[in-house]
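Have a look at the structure below before the remarks.
Every read-out reported here was derived from the displayed coordinates using simple, explicitly stated rules and does not represent laboratory data. Source: prediction; values computed, not measured. Glycine gets a Cβ as well: all are built from the backbone with ideal geometry, and neighbour counts include every protein chain shown.
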Amino acid sequence: MPSIAPPGWDDRPMIRFHGPQRPFHADLTVPGDKSLSHRALILAAMAAGRSMIEGRGTGADIASTCRLLEQLGASVEPEAVESPGVVEWSPPSVPLDAGNSGTTIRLLTGALAARPFRSTLIGDASLMSRPMQRLVGPLGKLGARVSVSTAGTPPVIVDGTPLYGAPVRVPMASAQVRTAVALAALQADGSTVVDSPPGFRDHTERWLTHLGLGSSLDETRFRIDPGPIPSFRVTLPGDTSSASFLWAAAALGPGSTVRVRSVSLNPGRTGFLDVLAAMGAEVEIVPTAAVLGDPVGDVTVTGNRLTGTIIEGELTVRTLDELPLVAVVAAFAAGATTVRDAAELRTKESDRIAATVGMIRALGGAAEPAASGLVVEGTGLTGGVVAADGDHRIAMAAAVAATRSGSVVVEGFEVAAVSWPEFEAVLEETWSSP
Ligand code: S3P
C-alpha cells in the first residue's frame, strides 16, 4: 500500500536528552492546535471562497490534511484556503493517503460521504491498523455508504450518496466520530442530532454553533442544521497537548515554572491540568479570549512535591492523549497512580498502554498494564533507552522524563514531527532558561 509517511522514521539515529538538573523558568507559545487546525482547514475547504487561517499547526499530520484537500480541489496557502466549495470537490484520481493522521482520515470520511463519487482513504502502516469500523454505523444512519476492511481498518471506501438527517448515537466519547457525522450532516437533507458519552473535545460543536450551523441541546446532544458553510477568518490558539509536555517538565522540577500563552482551554483538552493539580502541582489558568466560541488562555504550571492519583471515567477521556505523560509524572509522585477506563489507548498511533508501560520500565520505573488502563508506582526513573514505537507522544513523553531522571535516549525520535517538529529545540531551550 503506498504511504506518504517519511520513510524510515523509526530508523533515525537515537537522540539523547539530558535534563536541566536545576529549576528552570520559561514563558513561551507553542504552534497551533492540531485538532483545531484539521477542523479549520477542512471547514475552509468545504466553504466556497477564501478563508483565512492564522497559526495552523506545523506537524506532519496537518500537512497530510492540506495535501488531501488540495487533491480534492482546494488551494491551501500558508495562511489561507481558497475553495470552490464542497459541492465542487473533484473525484480523487488516486487514493487519499492520510499518512499517520487518524483525525484526517476520520474527518474526511464524513466530509466525503455526500460527494457523488468514490473515495478510497489509506495511510501509513500505523494508520492502516487503526479501527475505522466506528465510522460505519453512525454515518450509515445518514444513509452514507462507507466500508472498511474485514478487520475494521483502512482502506476506508466512501461511495458518496445523497444523505438525510437522522438521530445518531455514537457509542464512544469520540470527537473524531462526532465530527465526521457533523461534516456529513452539514450536507444532508434535514437536521441531524448527534449524541455520545461525555468528555469529548467539543471544538466542532462550538465552531458550528458560532457559524450558525448547529446548536447544543444539552451537554452531549448537538443538532446540526445543514447549509452552506460560510468562509471565515480564524487565529488558532496553541496546541494544549503540545504545551502539556512542557507543563509536565515544570511539574517534575520542584520550583520550576512554565507558562504557555494562548492555548486552547476547551474542557475536553484540560484533563491533564486537572490531573497535575490533583497530584500537587500549582496550576494557574487565565482565560484570555474565545476563538469561534472556543475558550483560549494562558496556563502556568509550577513544580511541587507530587502524590499519586486516580484517573477514571470522564477525566480519562479529557486526558487521553496525555496519558503517557501522566505516567512519566506519576513515576515521581509518592504512592501509586491508577489510570482506568482507557481501553481506547490501545487503538492510538501505537498500543499506548503497552508502549507507556514499556517506556516507564525502560527508564527504570515500575508500571503494570491492565486491560483498560495502567498503574505506575512513584519509585522514580533512572533513565535509559526508549523505542518511540512510531508514536510521537511516546517519543516526546520519554524525552520529558529526562527533566528528572538520568539521561534518556529515544530511538526513532523523528516521529515527534507528526505533531511537533520543533519539540526537541523547544525542550532544550526551555531547560536552559534561567
Ligand atoms: C481528536 C480526538 C481524539 C484525540 C485525537 C484527536 C480530534 O480522538 O485522541 O488525538 O481532533 O478530534 P477520539 O475522537 O478518537 O477520541
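The calculated FRET efficiency for residue 28 paired with residue 407, based on their beta-carbon distance and R0 = 22 Å, is about 0.40.
With R₀ set to 35 Å, the beta-carbon distance separating residue 70 from residue 191 gives a calculated FRET efficiency near 0.65. Compared with the dominant Cα axis of the chain, that is its longest principal axis, helix 392-401 is turned about 20°. Placing +1 on the Cβ of every Lys and Arg and -1 on the Cβ of every Asp and Glu, with no other charges, gives the chain a dipole of roughly 580 debye about its Cα centre. In plain terms, the chain from residue 90 to residue 217 could stretch by 42.2 nm, reckoned as 0.36 nm per residue minus the Cα-Cα distance.
Ordering 385, 375 by the number of other Cβ atoms within 10 Å of each residue's own Cβ, fewest first, gives 385, 375.
Measure off 7 Å from each Cα along the Cα-to-Cβ vector at residue 307 and residue 77, then give the distance between these two points in nanometres to one decimal. Placing both labels 7 Å along Cα→Cβ, they lie 5.6 nm apart. Axis angle, to the nearest 10 degrees, between helix 240-252 and the longest C-alpha principal axis of the chain: 10 degrees. Can you classify the chain as rounded, prolate or oblate using the Cα gyration tensor, where a ≥ b ≥ c are the square roots of its eigenvalues, rounded means a/c under 1.5, and otherwise it's prolate if a/b beats b/c and oblate if not? It comes out prolate by the Cα gyration axes.
Across the chain, Cα pairs under 8 Å and at least six residues apart give a relative contact order of 18 percent.
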